[in-house]
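Enquirer: Got a structure here, written out as C-alpha coordinates. Questions coming.
The values are calculated or read from the model by the stated rules, or taken from the named source; none is laboratory data. None of the values given here were measured: they were computed from a predicted structure. In this analysis, Cβ positions are derived from the backbone assuming ideal geometry, glycine residues included, and neighbour counts consider all displayed protein chains. Ligands, DNA and RNA are stripped out before the accessible areas are found, and what is left, the full protein with its side chains, is counted by its heavy atoms. Shrake-Rupley method; radii C 1.70, N 1.55, O 1.52, S 1.80 Å.
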Amino acid sequence: MRLPVSLFASLLAVAVCQGACAQGSSSSQSTPAQSTGPPPLQEGANLGGIDLSASYWWSRHWALEGTGRGYLGTSGAGVNDLSINGPFVSEYVFAAGPEWLGPHNKHGALLAHALVGGAYGDFETDLRGNPPSAVSFFNNQMAFASVIGGHIDLNRTPQWVFRISPDALYTRYGIDYGNKATYPYWNLGISVGVEYRFKKKR
(Lines give C-alpha, C1' and ligand atoms only; values in the text may rest on other atoms or scores of the structure.)
Protein backbone atom coordinates (compact mmCIF):
# COMPACT_ATOMS: atom_id res chain seq x y z
CA MET A 1 0.00 0.00 0.00
CA ARG A 2 1.34 3.40 -0.99
CA LEU A 3 1.69 5.88 1.90
CA PRO A 4 3.26 9.01 0.40
CA VAL A 5 2.71 12.26 2.28
CA SER A 6 3.49 15.81 1.28
CA LEU A 7 3.63 18.96 3.38
CA PHE A 8 3.15 22.47 2.03
CA ALA A 9 4.02 25.57 4.03
CA SER A 10 3.34 28.89 2.37
CA LEU A 11 5.83 31.66 2.92
CA LEU A 12 3.44 34.32 1.67
CA ALA A 13 -0.33 34.22 1.45
CA VAL A 14 -2.37 37.10 0.13
CA ALA A 15 -6.13 36.74 0.35
CA VAL A 16 -8.74 39.24 -0.67
CA CYS A 17 -11.11 38.38 2.16
CA GLN A 18 -14.07 40.67 1.80
CA GLY A 19 -16.13 38.30 3.91
CA ALA A 20 -13.79 38.95 6.83
CA CYS A 21 -14.72 42.57 7.15
CA ALA A 22 -17.56 44.99 6.97
CA GLN A 23 -17.85 48.41 5.40
CA GLY A 24 -20.99 50.31 5.93
CA SER A 25 -23.72 52.67 6.80
CA SER A 26 -24.20 52.59 10.55
CA SER A 27 -23.91 56.12 11.89
CA SER A 28 -23.54 55.61 15.64
CA GLN A 29 -23.06 53.07 18.38
CA SER A 30 -26.76 52.97 19.14
CA THR A 31 -27.86 52.57 15.53
CA PRO A 32 -27.57 49.05 14.07
CA ALA A 33 -26.64 48.36 10.48
CA GLN A 34 -29.31 48.25 7.82
CA SER A 35 -31.64 45.33 8.40
CA THR A 36 -32.50 44.98 4.72
CA GLY A 37 -29.08 43.78 3.57
CA PRO A 38 -25.76 42.25 4.60
CA PRO A 39 -22.97 44.21 6.24
CA PRO A 40 -21.71 46.39 3.38
CA LEU A 41 -18.46 45.27 1.76
CA GLN A 42 -17.62 48.18 -0.50
CA GLU A 43 -13.87 48.13 0.11
CA GLY A 44 -13.28 44.98 2.10
CA ALA A 45 -9.98 43.98 3.61
CA ASN A 46 -6.67 42.73 2.30
CA LEU A 47 -5.42 39.99 4.59
CA GLY A 48 -2.05 38.26 4.57
CA GLY A 49 -0.90 35.24 6.52
CA ILE A 50 0.20 31.65 6.34
CA ASP A 51 -1.19 28.44 4.85
CA LEU A 52 -0.13 25.01 6.12
CA SER A 53 -1.32 21.95 4.20
CA ALA A 54 -0.61 18.23 4.23
CA SER A 55 -1.69 15.49 1.83
CA TYR A 56 -2.00 11.73 2.34
CA TRP A 57 -1.86 9.89 -1.00
CA TRP A 58 -3.75 6.61 -1.14
CA SER A 59 -3.43 6.16 -4.92
CA ARG A 60 -1.45 7.66 -7.78
CA HIS A 61 -4.03 10.37 -8.49
CA TRP A 62 -6.03 10.80 -5.26
CA ALA A 63 -5.18 12.11 -1.81
CA LEU A 64 -6.81 13.46 1.31
CA GLU A 65 -5.67 17.04 1.92
CA GLY A 66 -6.01 19.04 5.13
CA THR A 67 -5.27 22.74 5.54
CA GLY A 68 -4.97 25.29 8.33
CA ARG A 69 -4.81 28.96 7.41
CA GLY A 70 -4.45 32.17 9.40
CA TYR A 71 -5.06 35.59 7.86
CA LEU A 72 -4.46 38.97 9.50
CA GLY A 73 -5.01 42.55 8.39
CA THR A 74 -7.08 45.71 8.65
CA SER A 75 -10.56 46.40 7.36
CA GLY A 76 -12.65 49.32 6.29
CA ALA A 77 -15.36 50.20 8.80
CA GLY A 78 -18.90 51.52 8.56
CA VAL A 79 -19.53 55.22 9.06
CA ASN A 80 -19.37 55.96 12.78
CA ASP A 81 -18.71 58.74 15.28
CA LEU A 82 -16.32 56.60 17.35
CA SER A 83 -13.18 57.40 15.31
CA ILE A 84 -12.85 53.70 14.40
CA ASN A 85 -11.11 53.48 11.04
CA GLY A 86 -9.19 50.50 9.66
CA PRO A 87 -9.69 48.16 12.64
CA PHE A 88 -7.61 44.99 12.88
CA VAL A 89 -9.34 41.71 11.93
CA SER A 90 -8.25 38.09 11.62
CA GLU A 91 -9.62 34.86 10.18
CA TYR A 92 -8.62 31.23 10.77
CA VAL A 93 -9.68 28.47 8.37
CA PHE A 94 -9.51 24.70 8.89
CA ALA A 95 -10.69 22.39 6.09
CA ALA A 96 -10.13 18.98 4.53
CA GLY A 97 -11.19 17.10 1.43
CA PRO A 98 -10.10 15.27 -1.72
CA GLU A 99 -7.10 16.29 -3.80
CA TRP A 100 -6.61 15.17 -7.41
CA LEU A 101 -3.32 14.95 -9.29
CA GLY A 102 -3.83 16.19 -12.84
CA PRO A 103 -1.34 16.58 -15.70
CA HIS A 104 2.20 16.13 -14.45
CA ASN A 105 5.75 15.22 -15.45
CA LYS A 106 9.21 15.37 -13.90
CA HIS A 107 9.19 19.17 -14.07
CA GLY A 108 5.88 19.93 -12.38
CA ALA A 109 2.23 19.14 -11.80
CA LEU A 110 -1.25 20.60 -11.68
CA LEU A 111 -3.45 19.58 -8.74
CA ALA A 112 -7.05 20.39 -7.80
CA HIS A 113 -8.82 20.22 -4.44
CA ALA A 114 -12.25 20.82 -2.91
CA LEU A 115 -12.04 21.25 0.88
CA VAL A 116 -14.77 21.87 3.45
CA GLY A 117 -14.57 22.86 7.10
CA GLY A 118 -14.94 25.92 9.26
CA ALA A 119 -13.64 29.45 9.72
CA TYR A 120 -13.32 31.52 12.86
CA GLY A 121 -13.58 35.25 12.27
CA ASP A 122 -12.25 37.61 14.94
CA PHE A 123 -13.80 40.96 14.03
CA GLU A 124 -14.31 42.65 17.41
CA THR A 125 -10.76 42.83 18.81
CA ASP A 126 -10.13 46.41 17.69
CA LEU A 127 -13.60 47.88 18.30
CA ARG A 128 -12.70 49.27 21.77
CA GLY A 129 -15.54 47.43 23.45
CA ASN A 130 -18.20 48.72 21.06
CA PRO A 131 -20.70 46.31 19.49
CA PRO A 132 -20.16 45.19 15.87
CA SER A 133 -23.35 47.00 14.84
CA ALA A 134 -21.60 50.31 15.56
CA VAL A 135 -19.35 49.87 12.49
CA SER A 136 -21.42 47.39 10.43
CA PHE A 137 -19.19 44.45 11.33
CA PHE A 138 -19.86 40.77 11.74
CA ASN A 139 -19.63 39.55 15.33
CA ASN A 140 -16.89 37.07 16.35
CA GLN A 141 -18.01 33.59 15.28
CA MET A 142 -17.40 30.17 13.80
CA ALA A 143 -18.81 29.73 10.31
CA PHE A 144 -18.91 27.23 7.47
CA ALA A 145 -16.03 27.50 5.00
CA SER A 146 -14.86 25.78 1.86
CA VAL A 147 -11.72 26.11 -0.24
CA ILE A 148 -11.89 25.31 -3.96
CA GLY A 149 -8.82 25.60 -6.15
CA GLY A 150 -5.56 23.78 -6.45
CA HIS A 151 -1.79 23.91 -6.75
CA ILE A 152 0.77 24.55 -9.46
CA ASP A 153 3.89 22.60 -8.51
CA LEU A 154 7.31 23.33 -9.97
CA ASN A 155 9.78 20.59 -9.02
CA ARG A 156 13.17 21.82 -7.84
CA THR A 157 14.44 18.45 -6.59
CA PRO A 158 12.69 15.08 -6.18
CA GLN A 159 11.54 16.20 -2.72
CA TRP A 160 11.48 20.01 -2.75
CA VAL A 161 8.83 21.80 -4.77
CA PHE A 162 7.98 25.46 -5.38
CA ARG A 163 4.20 25.75 -5.12
CA ILE A 164 1.64 28.35 -6.21
CA SER A 165 -1.90 27.89 -4.87
CA PRO A 166 -4.80 29.95 -6.26
CA ASP A 167 -8.05 29.39 -4.34
CA ALA A 168 -11.61 30.58 -4.01
CA LEU A 169 -12.60 30.79 -0.33
CA TYR A 170 -16.30 30.54 0.54
CA THR A 171 -17.54 31.62 3.96
CA ARG A 172 -21.00 32.06 5.44
CA TYR A 173 -20.90 34.53 8.33
CA GLY A 174 -23.93 35.93 10.11
CA ILE A 175 -24.83 38.93 12.25
CA ASP A 176 -26.42 38.83 15.70
CA TYR A 177 -28.21 42.17 15.32
CA GLY A 178 -30.70 43.67 12.87
CA ASN A 179 -32.15 40.93 10.67
CA LYS A 180 -29.79 38.32 12.22
CA ALA A 181 -29.17 36.79 8.81
CA THR A 182 -26.24 34.87 7.37
CA TYR A 183 -24.50 35.90 4.17
CA PRO A 184 -22.46 33.87 1.66
CA TYR A 185 -19.23 35.38 0.32
CA TRP A 186 -16.75 34.18 -2.29
CA ASN A 187 -13.23 35.56 -1.92
CA LEU A 188 -10.16 35.03 -4.07
CA GLY A 189 -6.67 34.40 -2.75
CA ILE A 190 -3.27 33.12 -3.80
CA SER A 191 -0.34 31.77 -1.82
CA VAL A 192 3.20 30.82 -2.77
CA GLY A 193 5.69 28.72 -0.88
CA VAL A 194 7.49 25.40 -0.73
CA GLU A 195 6.41 21.78 -0.45
CA TYR A 196 8.40 18.90 0.96
CA ARG A 197 7.64 15.35 -0.22
CA PHE A 198 8.43 12.59 2.24
CA LYS A 199 8.53 10.21 -0.72
CA LYS A 200 10.11 11.11 -4.01
CA LYS A 201 7.26 9.69 -6.11
CA ARG A 202 3.53 9.61 -5.63
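Enquirer: Which residues in segment 178-197 have a backbone N closer than 15 Å to a point placed 7 Å from the Cα of residue 82 along the Cα-to-Cβ line?
Expert: Within reach of a label on residue 82: 178.
Enquirer: What do you get for trypsin sites (Lys or Arg not before Pro) in segment 66-129 restricted to DSSP loop and a cutoff of at most 11 other Cβ within 10 Å of the site's Cβ?
Expert: Passing both the DSSP loop test and the Cβ count: 106, 128.
Enquirer: Hey, how much of the P(r) for segment 84-202 falls beyond 16 Å, as a percent of Cα pairs?
Expert: Everything past 16 Å amounts to 68 percent.
Enquirer: With the other protein chains left in place, how much accessible area per residue, in square angstrom, belongs to segment 115-202 at a 1.4 angstrom probe?
Expert: About 46 Å² of surface per residue is accessible.
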